[in-house]
Every structure is written in C-alpha cells, then in structure tokens.
Amino acid sequence: MRLLLLPLLVAARLAGQNALIEQGFDHFYNLEYPEAIAAFERAIALDPGNPDLHNHLAESLVFQEMFRNGALESEMVSGTNSFLRRPRLNPGAGAEKRFLDEVSEAIALSEARLEKNPGDTRALYALGISYGLRSNYYWVVKKAWRDSLKDATAARRAHNRISELDPGNVDARLVQGLHDYIIGSLPWTYRMLGFLVGMRGDKERGIRTVEDVARNGKLNRLEAEIFLGALYRRENQPRRAVPLVEDLIQRFPRNYLLRLELSQMCSMAGDKACALSAVEQIAQLKTAHAPGYDRVPWEKIYFQEGTIEFWYNDLDGALQHLKSVIAAPEDVDLNTGVFAYMRIGQIYDMTHRRAEAVDAYQKAIAFAPQAEAAQESRRYLAAPYRR
C-alpha cells in the first residue's frame, strides 16, 4: 500500500500497554510523524533503557523522511516505476544522524541484556528490529545494497534464534517471511548480493509465512496484515488485498494514502466504480476538512482520477483531470507531475494528435529528467505510444 509497500520495512511495534506508545503508533499509522516522534520521546524520557522505545523513535524518524520525500507510494515497487531504479533519498545530515544514533542505542541496550541472559527473547526481538530498521534505511534511503543485506541477515539471525528458543513464537517469523519474499523477488543481479550473505529467498514461502503471522500472531498481527496486503498487490492479487485495506482504513481513518491505495486496488481488480468512489471519498473528506485530509494535495486526487480513467479508456475525462494536475506545475511533486505529462502525451497519441503528444513528452522530460517516466517519454518521441 502507498504507506506500506516498501520491501524491507520491519515494523517495530510491540503491543505495550503504555499509553504513550499506543498514542505514538496511532499518530504513526495516521501519517502524523511529528506527533508520533514527540510521543516516543516522552516515553523514552520515562524509560531510557528500553530498546523498544528507541526503535519506535527511529522508525518514526525514517518514515517521516520517506513521507517528506514522497517515498511512501506504491509506484516505488510496482508498475513501471521500479523502486530499484529510483534515485536515493537525500535526508538532512541531522535527520540521518539522529536515526542512526537511535538505532545504535537500541542495539547497545539489547546486546547488554543479552550479555546477562543470552536467552532473553525480548532483547533478541528488539535487536532484530534494530537491524531491520537500519537495513531498511540503507535499502530505501541510501541505496546501499550490501550494507542493507548485511543488516537484514543480522535481523533474521536474531529472530531465527527466537524461533529456536521459543518455537511457538509466531511473531518472530514476520522478518523471516518478509526477507524470504524480498530476496526471492529481486532480479538475479540483486539476488546475488543476497547469496553472498547467505540469504536465498523464496517468494511463495515468504507469503505463506506472513499469512501465518497475520492469522496467528499476537504482537505482530497488525503489521503482518499490512505487509500481506502489500504482497498481494505486488503479486497482482488485488481482490485479496481490498478487505485488508478496508480494515486498515477503519483503524486509521486519518491516513489518506490508504484510500488512495484502495482506489488503485479496486482499479486493478477491474472495478472502476469502486476505484473512482474511493477517490471521491477523499475529495469529500478534504472539502469537509476532515482530520488528516487538509494536507492531501488536490493534484494527487486529480492524478488518481485521471489515471483510473486513462486505463478504463475514458480519455476525455482522463485528459481533463491530468491537465488539472499540471495547471500549476510549481506546486506538483516530481513523481506526480512527470507521470501526468507522460499520460497526457499518451492520450494525445491514442487520439491521433501527434504534435501535442510530442509537446507533452518534452514537458515530461524537462519536468524531471532523471525520472523513469521521463525516460519512457523519450521513447515516445521516436515512436508514438500504443496501448
């Protein structure tokens, strides 16, 4: 899902009773990262020696950075906009240092507990989460593949140890399942990096493992459901993902990305009415100033509507909505803008307006020259787009 479709994200949530933790994660899953960070900082002040809390804060910090960069979008790992070919993110030096410091503190606290009791499964769990978060950071933000896989191996090793000590601990298998799926999904050249650190990967086994955690987990059931929806979408099984997304919308009603994802899932499943209805609900909530929806850019809504109409051959409606996206191009993020220009060019090609198509492709290339949509647009300068 737009919030959830990143491959190596390892959720650090433990179902604690601490009100600050619950408050922090309510903000976290509703995309309210400054509020989540503040809640976890207060929790750390009360219990600075708890590695789980430092993991919670680190997770919020890195997600805030990804959200700010528009990286929590499903196009990162699906469709033509391959995640592996996106440029790395550029967090500020202060944000990066703070994240890495929190992870390092969590690792140090966990290792100190394990020195006293090597069988401390809670410390092993926290240690695995720490390495998983840092692996995710190296993968998504820094594009440092080897460093990411090295930490992913450490995360899996810690959680494998939990399974050895406590075979009935289903929650620890989430990391194992995700890593099996991710390594098994990578192109061969990237899978070779996994082989170098002893990770073979198996997509089908990974999905089965995540399904098991979603059914039987205690601490990680919610996270497993989130990732399972993401995996179903990647595997082109949107009908299986729709009920999961609908449940998440009920749990986290201020998270507008979930409704955008529901729209895409319905569209993929062949249900145009459902897809457009989900977008219309976002527009209605924004108009009504519902909590969380003032921050939704109208351009995102127009783009979603136009994209759905494009794939369902409502080309007049699509063209109107996509033109609304780039009416004020200075206000549009790069990913949305470049795709809008490219889609407009494709519509002109499909309606035999070649000169206007070429102009739109040139604007896509100028808008974000390094984007994959810009590279695709260059091909259409030589040969018109055909559905």
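Judged by the gyration tensor of its Cα atoms, with axes a ≥ b ≥ c, the stretch 138-182 is prolate; a/c meets the 1.5 cut and a/b is the larger of a/b and b/c. Looking at Ile162, Met350, Gly132, which one has the Cα that reaches farthest to the positive end of the dipole of the chain (charges on Cβ: Lys, Arg +1; Asp, Glu -1)? Towards the positive end, the residue furthest out is Met350.
The gain in end-to-end length when the Leu46 to Arg387 segment is fully stretched comes to 116.9 nm, 0.36 nm per residue minus the alpha carbon separation. Picking from Leu100, Asn50, Thr209, whose Cα lies most toward the positive end of the charge dipole for the chain (charges on Cβ: Lys, Arg +1; Asp, Glu -1)? Of the options given, the answer is Thr209.
The residue among Pro384, Leu20, His179 whose Cα reaches farthest toward the positive pole of the charge dipole of the chain, with charges on the beta-carbon of Lys, Arg, Asp and Glu, is Pro384.
Given Cβ point charges of +1 (Lys, Arg) and -1 (Asp, Glu) and nothing else, what value in debye, to the nearest 20, does the dipole of the chain about its Cα centre take?
Once rounded to the nearest 20, the dipole reads 1120 debye.
Accessible area per residue (1.4 Å probe, heavy atoms of protein chains only) ranks Asp271, Asp331 as Asp331, Asp271, with the largest value leading.
Between the entries [x] 73, 48, 40; [y] 170, 53, 39; [z] 94, 45, 33, the label attached to Cα extents along the principal axes in Å calculated for this structure is [x]. Basic side chains Lys and Arg get +1 at the Cβ, acidic Asp and Glu get -1 at the Cβ, and with that the dipole of the stretch 219-288 about its Cα centre reaches some 80 debye. Remark: for residue pairs Lys300/Lys363; Lys116/Lys150; Lys116/Lys203; Lys97/Lys143; Lys142/Lys272, the C-alpha separation exceeds 27 Å in Lys116/Lys203; Lys142/Lys272. When Asp247, Asp316, Asp212 are compared by accessible surface with a 1.4 Å probe, the order from highest to lowest is Asp316, Asp247, Asp212.
The values are calculated or read from the model by the stated rules, or taken from the named source; none is laboratory data. It should be emphasised that the depicted structure is a prediction, and the values quoted were computed from it without experimental measurement. Note that we place each Cβ from the backbone using ideal geometry, even for glycine, and neighbour counts take in every protein chain shown. To get the accessible areas, we keep the full protein, side chains included, count just its heavy atoms, and leave off ligands, DNA and RNA. Shrake-Rupley method; radii C 1.70, N 1.55, O 1.52, S 1.80 Å.
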